[in-house]
Amino acid sequence: MSDTILETEGMTKEFRGFVAVSDVRLQVKRGTIHGLIGPNGAGKTTCFNLLTKFLPVTRGKISYEGRDITNLKPADIARLGLVRSFQISAVFPHLTVLENVRLALQRARGNSFDFWRPESLLKRYDNRALELLEDVGLTAYARHNAGELPYGRKRALEIATTLALEPTMMLLDEPTAGMTHDDVDRIVALVKRVAAGRTVLLVEHNLKVVEGLCDTITVLARGSVLAQGDYATVSRNPEVQAAYLGTDPGIAGGTAHG
Ligand SMILES: Nc1ncnc2c1ncn2[C@@H]1O[C@H](COP(=O)(O)OP(=O)(O)O)[C@@H](O)[C@H]1O
Ligand SMILES: [Mg+2]
């Protein structure tokens, strides 16, 4: 098995001539938490969409586990174990937290519309769902309607439904966006916990959030890779500091809000 689990070469995305992602070379090491950061509009979400095949590349190549996935579909790569966190909109607000995770487990096994499973099988799903809820700190909320959860807890539920797919590599797009300080701390701890035994690519607006989390950080600015390395290396890079100055409090001001 190669040390590198995900790799891009010359990854480029143009929107009607506007280059949103330009010639990006990424190498994500197996078993690490890799941060993809940069100021607003840097191209982070576009990269995320390219990697998970929600958008086709204009040019370039994407490899996962040594295999060219450039032209695969989102469902194909999910089956290969490369899974993006679901959006909150994918959470059913009128189902309970437990039911949401159980549904994700059923879906992961291809039983999406088969609600009439033997009782024993449903019990097994319930047990696994409760384990996942414990992993993300939602045990106390199991019987609550998902729609009633506070924002930070919804993101935790979203991570639980992603974990239901047993990803080898997980992609999270700004899991702390719009959160209060307490929620940010909780999600940072959660990402640390779920990263055990897998690879995580974390797209994040704020360098502070990834400081204690990421082994490697790639800094994007205006679609291009500006710097790469650990936190100490990228945060003292003058180009990175210039890119963030006046646009983002992450480096200059030190707040954890995205
Ligand atoms: N579908 C699209 N059509 C046109 N321009 C887009 C589209 N998606 C993103 N962009 C542009 O690409 C740039 C990068 O956007 P995005 O990847 O969302 O940045 P980030 O996530 O780093 O804030 C921005 O200038 C944005 O306006
Ligand atoms: Mg974004």
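The values are calculated or read from the model by the stated rules, or taken from the named source; none is laboratory data. Just so we're clear, the structure is a prediction, and the values are computed from it rather than from any experiment. Cβ sites come from the backbone with ideal geometry, for glycine too, and all protein chains shown count toward neighbours.
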Within the stretch 27-49, which residues are away from ligand 1 (no atom under 13 Å from the Cβ) and in a loop (DSSP other than H, G, I, E, B)? Arg30, Gly31, Thr32
Only one of Arg193, Arg155, Arg222 is of a type in the set (Lys, Arg), crowded, with 19+ Cβ neighbours inside 10 Å and either out of contact with any helix residue (DSSP H, G or I) (no Cβ under 6 Å at 6 or more places or on another chain) or in contact (Cβ under 8 Å) with a residue 60 or more places away in the chain (or both). Can you tell me which? Arg155
Please find, among Asp173, Asp185, the residue that is within 13 Å of the chain's Cα centre (by Cα) and either within 16 Å of ligand 1 (Cβ to nearest atom) or on the phi < 0 side of the Ramachandran plot (or both). Asp173
On the basis of being buried (at least 22 other Cβ atoms within 10 Å of the Cβ), within 13 Å of ligand 1 (Cβ to nearest atom), within 16 Å of Ser224 (Cα to Cα) and at pLDDT 95 or above, does Val24 make the cut? yes
Out of all the residues in the stretch 7-25, which are in contact with a Leu (Cβ under 7 Å, 6 or more places away or on another chain) and among the aliphatic types (A, V, I, L, M)? Met11, Val21
Quick one: which residue in Ala164, Ala196 is small (Gly, Ala, Ser), closer than 17 Å to Arg30 by Cβ and away from ligand 1 (no atom under 16 Å from the Cβ)? Ala196
Being modelled with pLDDT of 95 or more and within 11 Å of ligand 1 (Cβ to nearest atom) is the filter here; which residues of the stretch 50-62 pass it? Leu50, Leu55
Kindly provide the set of residues from the stretch 27-51 that are surrounded by 20 or more Cβ atoms within 10 Å (Cβ to Cβ) and hydroxyl-bearing (Ser, Thr, Tyr), ordered by number. Thr46
Listed residues Arg128, Arg155, Arg107; which is more than 21 Å from Leu190 (Cβ to Cβ) and either at pLDDT 90 or above or not assigned by TED's automatic domain parsing to the domain that holds Gly43 (or both)? Arg107
Considering residues of the stretch 209-219 that are over 12 Å from Ala243 (Cα atoms) and either in contact (Cβ under 8 Å) with a residue 60 or more places away in the chain or buried (at least 24 other Cβ atoms within 10 Å of the Cβ) (or both) only, the residue nearest to ligand 1 (Cβ to nearest atom): Thr218
Some residue of the stretch 144-161 being under 13 Å from the mean Cα position of the chain (by Cα), under 24 Å from Cys47 (Cβ atoms) and within 16 Å of ligand 1 (Cβ to nearest atom): no
Mind checking which residues of the stretch 4-58 are within 16 Å of ligand 2 (Cβ to nearest atom) and among the β-branched types (Val, Ile, Thr)? Val21, Val24, Ile37, Thr45, Thr46, Thr52
